[in-house]
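The structure appears right after this line, and notes come after that.
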Amino acid sequence: MNTLINGIFKRDMALAFRQRSELAQPLMFLLMVITLFPLGIGPGPVTLQKIGPGVIWIAAILSSLLAMERLFRDDFWDGSLEQYMLSGQSVAAIAAVKVLVHWLVSFLPLALFSPLLALFLNLTVDMYIALMLTLVLGTPLLSLVGAIAVGLTVGLQRGGVLLALLLIPVFIPLLIFATSAVDSAALQLPYRAQLAIIGAMLMLAMASAPFAIAYALKVSQN
Amino acid sequence: MWKWLHPYAKPERAYQLCVTLQPYFLWPGILCLIAGSIWGLAFAPQDYQQGDSFRIIYIHVPSAILSMSTYVAMAVAALVGIVWQWRTAFMAMIAMAPVGAVVTFIALFTGAAWGKPMWGTWWVWDARLTSELILLFLYLGVIALYGAFEDKQQAGKAAGVMALVGVVNVPIIHYSVEWWNTLHQGATISKFDKPSIAPEMLWPLLIALLGLALFIAAVTVMRMKNEIIRREYHRPWVKDLAARALGDDHAV
Amino acid sequence: MAGLAADNLTCIKRDRVLFTDLSFCLSPGQLIYLRGPNGAGKTSLLRILTGLSAPESGQLLLNEEPLDKVRDRFNQQLIYVGHKAGINGALTAMENLRFWCAQHSTDFIAQQAYDVLARLGLVGLEDVPVRMLSAGQQRRVALSRLWLKQATYWILDEPFTALDTDGIELLETHMREHVANQGAIITTSHQPLSKQAGPFTELMLEYRL
């Protein structure tokens with residue numbers, strides 16, 4: 001445990017802070033994509049409120065696809081990943097810690113900016129609360145399942161679009177339930193069921209994804 | 001228990017098996033497809049509601065069912081390859097993938113074509129069609145990932161992981177899309193759902209289903225033969241095979 | 001037989017057979033110099049020995065036990081320096097080593113690390129981001145692990161790359177000392193090992209079409 005914290009957690013946090021500008025890019029992408037919608041569809045507040053949840057979640061998925069690539073890319077190409085795999089620590093545990101750091105570093109800025117997004121798309125307070133709950137439960141799911149595909153494609157030279165092609169179908173259920181939760185909140189209807197399903201998917205991912213990620217990294221090492 | 005399967009981990013044995021099985025899949029398959037199609041398209045009674053346009057189910061339903069089964073079969077092959085490290089399992093997986101993708105496309109196309117007389121448009125975001133579309137994306141993802149790797153054994157493992165992730169997600173996707181559909185479409189009853197079907201309509205459907213299944217197996221077996229040859233071309237047994245096929249003594 | 005034993009290893013990469021039924025043993029107190037032309041499979045063999053790659057068939061034994069069963073114990077006794085340096089360019093040399101030691105359950109004493117880096121000619125460069133160092137200097141940072149972790153088995157893939165004559169001499173001397181202390185090393189190199197490295201056994205891989 002100690003080695004995971006001192007060897008992996010602190011290292012990735014130190015790297016994240018040193019590469020702050022690289023981290024800001026997916027967030028700026030998210031903001032810009034969301035800005036495209038009022039510009040492309042029209043700024044009518046009723047329309048924006050209707051499409052708001054879907055727009056935010058789609059933008060969140062797309063920007064997380066961009067951000068995810070850095071999970072293992074640098075470590076693969078500079079050889080640090082090999083060293084992790086020879087360290088005697090469980091690769092699944094190492095992967096889980098790296099995904100955790102990645103999520104903390106991507107999610108917290110998003111959480112900070114989310115009121116702005118809610119404002120841009122004219123969401124009500126109820127909708128905003130529902131949105132935050134779906135983001136808290138859903139973004140770790142994106143990171144965990146996404147990391148499996150990132151692990152598989154890390155050795156490829158041009159993995160970016162392929163990563164999106166692999167992951168978007170897998171993220172569709174999350175998109176459906178998350179947007180439905182926020183839509184229900186808009187209508188003052190309960191949405192605990194949707195959150196429960198997302199939570200269940202998250203539990204499944206937390207239990208199985210680290211092992212799949214470890215295997216994926218092993219495949220990339222060939 | 002599965003000892004009898006073990007020899008087929010070797011590409012040469014698997015190739016022989018494919019050669020043996022091919023005619024048993026291909027000819028009965030074509031026969032059943034022709035029989036089922038002609039029976040269904042020309043001779044089965046008209047539907048009391050939809051007239052003749054429903055006949056497309058003789059192509060649509062078998063292809064929709066088999067698009068799903070082929071994906072599951074692909075995932076099983078992937079699992080065998082990952083757990084037991086069989087090269088031939090990955091070859092089978094990638095042999096099946098494009099076949100399954102084409103069958104999925106046929107299901108989508110015929111499903112959409114059925115929509116025109118039903119709802120007046122060429123595409124509706126019906127639950128079944130949307131699920132099929134997502135299934136097509138899953139197939140294409142597996143194929144694309146396999147193609148991205150130089151080392152095909154590595155490619156097989158990577159594509160295999162995605163096939164397994166996909167197969168776990170297929171039920172989740174299916175039910176979430178169905179649920180999404182009820183949210184947004186209201187209580188439209190889709191004629192795609194199980195009507196009580198008269199026996200005169202059922203038999204051609206079953207024959208078409210069997211025919212398509214055998215045909216898919218035949219094409220898979222043909223593709224697998226190619227895949228084996230492509231990957232093992234430098235082995236002596238392949239060189240012998242080529243020499244015999246060319247009818248002379250020079251190795252190719 | 002004590003040591004790391006390879007038993008009938010077969011390696012296939014990109015559907016090409018690199019070597020079949022290769023057997024040998026790396027015992028403590030032995031230096032094996034792995035030779036062969038480009039593409040013969042030296043790197044693949046070393047990666048199979050470390051466990052990063054799996055062979056097509058055959059197995060590895062550590063002190064007569066299957067390596068898979070004692071993987072953790074083996075990893076504790078292993079240092080691998082491959083083609084890739086294994087250091088992150090955005091971190092400094094000291095940070096890289098500190099994190100690496102933490103991952104490998106090795107105590108990290110800052111003074112000791114400074115000493116090692118000094119011996120490797122990196123005085124004054126310990127606290128700059130590694131990407132600012134030259135290729136040879138980065139290679140020296142990567143090699144400094146050989147002084148920081150006590151491990152029996154060293155698996156080194158082209159460790160002399162980018163090193164100047166001083167660096168080569170330093171590494172070869174350290175290798176000789178390690179072998180004299182019952183360490184085991186298997187290494188590849190483009191230039192032949194000199195007398196500095198001490199006595200060694202050659203293992204030759206042929207290039208197969």
> Quick one: in the range A:127-162, which of the residues that are over 18 Å from A:Pro26 (Cβ atoms) and assigned to a loop (DSSP other than H, G, I, E, B) is nearest to the other protein chains (Cβ to nearest Cβ)?
Replying inline: A:Leu156
> Out of the range A:119-135, which residues are open to solvent by 10 Å² or more (accessible area, probe 1.4 Å) and touching a residue at least 12 places away in the same chain (Cβ under 8 Å)?
Replying inline: A:Phe120, A:Asn122, A:Leu123, A:Thr124, A:Asp126, A:Tyr128, A:Ile129, A:Met132, A:Leu133
> Does A:Leu86 count as among the aliphatic types (A, V, I, L, M), under 30 Å from C:Gln76 (Cβ atoms), more than 14 Å from chain C (Cβ to nearest Cβ) and in contact with a Ser or Thr (Cβ under 8 Å, 6 or more places away or on another chain)?
Replying inline: no
> Looking at C:Asn88, C:Asn75, which is the one that is within 17 Å of A:Gly79 (Cα to Cα), out of contact with any helix residue (DSSP H, G or I) (no Cβ under 7 Å at 6 or more places or on another chain) and either surrounded by fewer than 20 Cβ atoms within 10 Å (Cβ to Cβ) or modelled with pLDDT under 95 (or both)?
Replying inline: C:Asn75
> Within the set of pairs 6 or more residues apart or between chains, which connect a residue that is at the interface with another protein chain (Cβ under 7 Å from one of its Cβ atoms) inside the range A:1-19 to a residue that is open to solvent by 60 Å² or more (accessible area, probe 1.4 Å) and not in a helix (DSSP H, G or I) with Cβ atoms less than 6 Å apart?
Replying inline: A:Thr3/C:Ser105
>> Being modelled with pLDDT of 90 or more, touching a Pro at 6+ places or on another chain (Cβ under 8 Å) and of a type in the set (A, V, I, L, M) is the filter here; which residues of the range C:1-21 pass it?
In response: C:Leu9
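Conditions (1) among the aliphatic types (A, V, I, L, M); (2) buried (at least 21 other Cβ atoms within 10 Å of the Cβ), marked per residue:
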{"residue": "C:Ala113", "(1), (2)": "yes, no"}
{"residue": "C:Ala135", "(1), (2)": "yes, no"}
{"residue": "C:Trp147", "(1), (2)": "no, no"}
{"residue": "C:Trp154", "(1), (2)": "no, yes"}
{"residue": "C:Thr161", "(1), (2)": "no, no"}
> Which residues, counting only those in the range B:11-30, are surrounded by 15 or more Cβ atoms within 10 Å (Cβ to Cβ) and of a type outside the set (S, T, N, Q)?
Replying inline: B:Pro11, B:Glu12, B:Ala14, B:Tyr15, B:Leu17, B:Cys18, B:Leu21, B:Phe25, B:Leu26, B:Pro28, B:Gly29
> Where residues in the range C:60-111 are under 21 Å from C:Thr161 (Cα atoms) and of a type in the set (Gly, Ala, Ser), which of them is farthest from the other protein chains (Cβ to nearest Cβ)?
Replying inline: C:Ala93
> Name the pairs: first residue in the range A:163-176 and under 20 Å from A:Leu131 (Cβ atoms) and within 7 Å of another protein chain (Cβ to nearest Cβ), second residue open to solvent by less than 10 Å² (accessible area, probe 1.4 Å) and small (Gly, Ala, Ser), Cβ to Cβ under 6 Å, at least 6 apart or on different chains?
Replying inline: A:Pro173/B:Ser176; A:Ile176/B:Ser176
>> Being open to solvent by 10 Å² or more (accessible area, probe 1.4 Å), in contact (Cβ under 8 Å) with a residue 12 or more places away in the chain, assigned to a helix (DSSP H, G or I) and among the β-branched types (Val, Ile, Thr): is that true of A:Val97 here?
In response: yes
>> Where the second residue is of a type in the set (Val, Ile, Thr) and open to solvent by less than 20 Å² (accessible area, probe 1.4 Å) and the first is under 27 Å from B:Pro236 (Cα atoms) and within 14 Å of chain B (Cβ to nearest Cβ) and lies in the range C:2-27, which pairs have Cβ atoms under 7 Å and are six or more apart or on separate chains?
In response: C:Cys11/C:Ile48; C:Thr20/C:Thr10
> Limited to the range B:106-120, what total is found for residues that are under 21 Å from B:Gly36 (Cβ atoms) and either in contact (Cβ under 8 Å) with a residue 40 or more places away in the chain or surrounded by 17 or more Cβ atoms within 10 Å (Cβ to Cβ) (or both)?
Replying inline: 7
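For every residue, the table says whether it meets (1) over 29 Å from A:Ile172 (Cβ atoms); (2) open to solvent by less than 20 Å² (accessible area, probe 1.4 Å).
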position	(1), (2)
A:Ile5	yes, no
A:Gln19	yes, no
A:Ala24	no, no
A:Gly44	no, no
A:Ile61	no, yes
A:Gly79	yes, yes
> Does C:Glu206 meet the test of being outside any strand (DSSP E or B), surrounded by fewer than 18 Cβ atoms within 10 Å (Cβ to Cβ) and in contact (Cβ under 8 Å) with a residue 60 or more places away in the chain?
Replying inline: yes
>> Tell me whether the range B:81-100 contains one or more residues that are outside any helix (DSSP H, G or I) and either buried (at least 24 other Cβ atoms within 10 Å of the Cβ) or of a type in the set (A, V, I, L, M) (or both).
In response: no
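The values are calculated or read from the model by the stated rules, or taken from the named source; none is laboratory data. Keep in mind the model is a prediction, meaning the values are calculated, not measured. Note: ideal-geometry Cβ built from the backbone for every residue, glycine included; neighbour counts use all protein chains shown. What goes into the accessible areas is simple: the full protein's heavy atoms, side chains included, and nothing from ligands, DNA or RNA. Shrake-Rupley method; radii C 1.70, N 1.55, O 1.52, S 1.80 Å.
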